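Enquirer: Before anything else, here's the structure in question.
The values are calculated or read from the model by the stated rules, or taken from the named source; none is laboratory data. This is a predicted model, so every value here is computed, not measured. Glycine gets a Cβ as well: all are built from the backbone with ideal geometry, and neighbour counts include every protein chain shown.
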Amino acid sequence: MALNLTFSFLAFLLFFTLSTANPNPNPNPKLSSAHEELKNNGFPIGLLPLNVLDYSLNRTSGAFAVSLDGSCKLTLPPDNYLATYSKRVTGKLVEGKIADLDGIRVRALFQWWSITGIRSSGDNLVFEVGVLSAKYPAVNFNQSQECENRPPQRSSS
């Protein structure tokens, strides 16, 4: 019970800070086709960071793979929790659910927790970590973030 409450609090911090409501109605030019695919399937774009290079989706099985331009690290205020995205995120997209998710983790209580699934439930998203789950408003994920560990851009001279 204590683990479930602790996880719920930490997961809330993670998912609340990954995205916030986008006050700008104009589309972000950095958004990828993968972000659009999330929108088309009823999920907010903020479930993915901005550094998406490519994605593939098997429309029959729902199997997908998202390639990032490198691993992605986000620091979650106010307690500096870390969230990481692997260079490759995979899963299965079915109506209202992302299952078999691999490649997204959060560090809490000196341990890394893998997010294994995300379900859409009305105006909420339910995040699954094994047998545990936590529900958060989907509006918290309307905006994608830049990764913190991005290398400096080189100027061409």
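Enquirer: What strands (runs of 3 or more DSSP E) completely inside region 1-120 contain at least 2 residues that are surrounded by 15 or more Cβ atoms within 10 Å (Cβ to Cβ) and modelled with pLDDT of 90 or more? Working first, answer last.
Expert: On the way: elements: 52-57, 63-68, 72-76, 81-94, 97-108, 111-114.
Once the strands (runs of 3 or more DSSP E) in region 1-120 are filtered for at least 2 residues that are surrounded by 15 or more Cβ atoms within 10 Å (Cβ to Cβ) and modelled with pLDDT of 90 or more, what remains is 52-57, 63-68, 81-94, 97-108.
Enquirer: Out of the residues in region 121-151 that are assigned to a helix (DSSP H, G or I) and farther than 22 Å from Asp100 by Cα, state the one that is modelled with the highest pLDDT.
Expert: As a first pass, look at region 121-151 and keep what is assigned to a helix (DSSP H, G or I): 138-141.
Among the residues that remain, those that are also farther than 22 Å from Asp100 by Cα are: 139-140.
Details: Val139: 83, Asn140: 79.
If we take residues in region 121-151 being assigned to a helix (DSSP H, G or I) and farther than 22 Å from Asp100 by Cα, then Val139 is modelled with the highest pLDDT.
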